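Below is one structure, written out as structure tokens, with a few remarks after it.
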Amino acid sequence: MKLTAFRVHNYRPILDSGWVELSDITVIVGKNESGKTALFKALHKFNPFKPEPYNLDREWPRGRRTERSEDAPVVETRFALDDTEKEKLSAAIVRADTVAQVEITKTYKGDFRFRFLPQDLPNANDPAAFEGRLSEAFQGIPPTISAQLKTAIDAAHDAVATAFREGGIAEYQAKHAQFVQQIEQAIQADNPTDKQVADSLKKTISDLNRIAATPPKQQAEALIKSWLPTFIYMDDHKPFSGIAFLDQIKQRKDANALTPEDRTFLMILEMAGINFDQEHTRAMTQDKEQRMLDMNDASLSLTSNIADHWSQRKYQVRFEADGFHMIAFVSDELQPALVPLNERSKGFKWFFSFDMTFLYETKGTFKNAILLLDEPGLHLHAAAQRDLLKRMEAYAEANQLIYSTHMPFMIEMRRLDNIRVCVENKQEGTKVSSDFYAADEHARFPLQAALGLSISQSLFVGPFNLVVEGVTDFWFLSTIGAMLRDAGKASYDERIVITPSGGATKAAYVGTMLQGQQLNVVILLDSDPEGRNVADGLIKQWIMKDRHVLLLGQAIGRDGDTTIEDLFPLDFYLGYVNQAYTQELGGRPITAVEINARHEALVVQRIDGVMVARGLARNSEGLAFNKGRPAKLMLREWAPKGLSDLPPDVFGAFERLFQAINSAMPALSAESAGGDA
């Protein structure tokens, strides 16, 4: 099952986090004390490896005492089932064949509440569906069975039908043993097919009888609960330092005051096959030889266990003990020499302790877990933090990973879509949002810093910056701008640097970062629902002034949805589309009539719709049309040409757009905004 979203209620500073959408790796950013740790701890207790109940007295939000209730929800989750799970659910439970998702809520009491989607399962068996399952079982009986068994099966089938007519499922349950006995007594020993067929039919009849005793929803809940992933939590306080004093740990253990490091140490001993209480007793004896043998055996056992299961890093472990003093030596493939763990870096100790926790709490599988990493990499330098990101991708191959950070190097710039912002609100408690604009300046800092680092390494910026959504926007604007400028027509000011960002949301990130560097910025967005939403957020949150955020359609005086491809005359643009897709279209070019017959708002959407209707394959993003192909063809063809070689008025809309950009750019002098700039 894949966790697609979660929501936390009534837990410490969190009154209602709102739904947090998840992917394979999700990062929660926010300043210290914004509620990130509370979010993770509430989620961890949803299904930890070892039971860890919620504590109403300690964890219920302060100042809301009259609302306290053990029945109050703490965590809501939404899981999607994969195809195998859907098949198993459908095969085991009547009327579960439509289930695709399940919402599960856990209360302070620890109860689970289930809701199946798109339609919840009933709390009582449906007699018609149940009888249908039985009828299927009686069909397809091979003709090779004996006449006696066939007569008994027909009689049992008739009796089942009668039972359902007279009393439904209850009558069937009362008589199911009689049906089984009828079939069993008719088996002929000299017919090998009889026993095989009878055993299969008896099993189906008995299985359905057991199912009848439990409503479909209750059956499905038990099955889903057995599939729940383990939630594994790791923070900066759990790493084992490598040195332990058994007498001190014994005192804390007896006083029920174990530290997080103590717990990690005891877990590692358990995986190595060492009984802590027994080892504590042996520490007081003089049998050093036997103890050395035990330590060596435990070291080899743990090393073998790790090597068999975790291919990402090859560890070798050795334990040594002297009285109550116990020390762990560890090496890995990068540093093969055995070194006391306490002398290794804090980062290594974190990795080692987490891998041990990961191995232990997934029972050696490293699969089907939700990994919650609270501020990983705090003790790593910048380059090592980038390595940690790669390591986390390995963790997420067969698991899901959620981590929190306030450090820019722990943000993966290729995956800005998986960032969620944790914001502290005094009135409404901690909120988590995918909306960048909801964050205060402290929560936005790691994003802005990460973007600044990324751009400084890969892009040129200048004092005047135009941020656009995509690379095709960059191609068209820079190329057409140069052509117009060469022809003495209105173009954008040459001092303006155009920066592609990879989408409307990322354009907002980049633009905000550049503005934070005291640079002049205009953000140009498509006039589509996403672009309008981003523009609205930037302006309403006072992140940017409205005159510095341009919607493409409004900038040229056009109503409705508009992208840069809509600025070309339709026949002109279609010519390049048909040329770029000659092979796929099979000599049947797309016509303007086909495009105009479609209802989509944008020309690229209409072209995609025509291609899909013609049977062209969709890509990984669900599209048949790649707008980059005709764009490359256009620019390659225009390279040796001038404006006079192209049809007149092709670029009229671009002239108006460039004038709007120049006018919107902060601090750009009016004298340099003309056509000969």
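Every number here is computed from the coordinates shown, using simple stated rules; none is lab data. Source: prediction; values computed, not measured. Cβ atoms come from the backbone with ideal geometry, glycine included; neighbour counts cover every protein chain shown.
In table form, for the structure just shown:
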read-out: Among [x] 1.10; [y] 0.97; [z] 1.08, the entry that matches Rg/Rh (Cα atoms, Kirkwood Rh) as calculated here; value: [z]
read-out: On Cα atoms only, tilt of 529-540 relative to the major axis of the chain in degrees; value: 80
read-out: Under 17 Å from the Asp571 label point (7 Å along Cα→beta-carbon), backbone N, segment 641-664; value: 646-652
read-out: Span from the segment 353-383 Cα centroid across to the segment 320-338 one, whole angstrom; value: 21
read-out: Glu584 paired with Arg313, simple spin-label distance in nm, labels 7 Å along Cα-to-beta-carbon; value: 4.4
read-out: Estimated inter-spin distance, Gln119 and Arg558, nm [label 7 Å along Cα→Cβ]; value: 4.5
read-out: Estimated dipole of the chain in Debye, rounded to 20 [Cβ of Lys and Arg +1, of Asp and Glu -1, Cα centre]; value: 680
read-out: Simple spin-label estimate for Ala592 and Lys363 in nanometres, 7 Å along Cα-Cβ; value: 6.7
read-out: Contour minus Cα-Cα distance for Arg636 and Ser620 (0.36 nm per residue); value: 3.1 nm
read-out: Cβ-based net charge around Leu551, under 15 Å, with every Lys or Arg adding one and every Asp or Glu removing one; value: -4
read-out: C-alpha long axis of helix 471-486 to longest principal axis of the chain, angle in °; value: 0
read-out: Two-site FRET efficiency, Lys88 against Gln427, from Cβ-Cβ distance with R₀ of 45 Å, rounded to 0.05; value: 0.50
read-out: With Cα atoms, 0 to 90° folded angle of helix 83-92 axis to the chain main axis; value: 40
read-out: Low-density loop cleavage sites - trypsin sites (Lys or Arg not before Pro) in segment 327-362, where at most 12 other Cβ are within 10 Å (DSSP); value: none
read-out: Coil-residue chymotrypsin sites (Phe, Trp or Tyr not before Pro) of segment 511-617, DSSP, other Cβ within 10 Å capped at 12; value: Trp542
read-out: Longest DSSP-loop-exposure-free segment, GluC sites (Glu not before Pro), the chain, at most 13 other Cβ within 10 Å; value: 71-332
read-out: Among Ala174, Tyr576, Trp19 the positive-end extreme of the charge dipole of the chain (Cβ point charges); value: Trp19
read-out: Computed [θ] at 222 nm, helices only, for the chain once each DSSP H run of length n ≥ 4 contributes -39500 (n - 2.57); value: -14000 deg cm²/dmol
read-out: Neighbourhood net charge (15 Å Cβ-Cβ; Lys/Arg +1, Asp/Glu -1) for Asn296; value: -3
read-out: The chain - percent relative contact order, Cα under 8 Å, separation 6 or more; value: 13
read-out: Loop-resident sites, segment 322-428, for chymotrypsin sites (Phe, Trp or Tyr not before Pro), counting at most 16 other Cβ within 10 Å (DSSP); value: Phe324
read-out: Efficiency of FRET between Asp287 and Leu378 - r from beta-carbon atoms, R0 45 angstrom, step 0.05; value: 0.60
read-out: Theoretical FRET efficiency, 1/(1+(r/R0)^6), r = Cβ-Cβ of Leu646 and Glu530, R0 35 Å, to 0.05; value: 0.70
read-out: Charge dipole (debye, nearest 20) of segment 458-673; +1 at Cβ of Lys and Arg, -1 at Cβ of Asp and Glu; value: 260
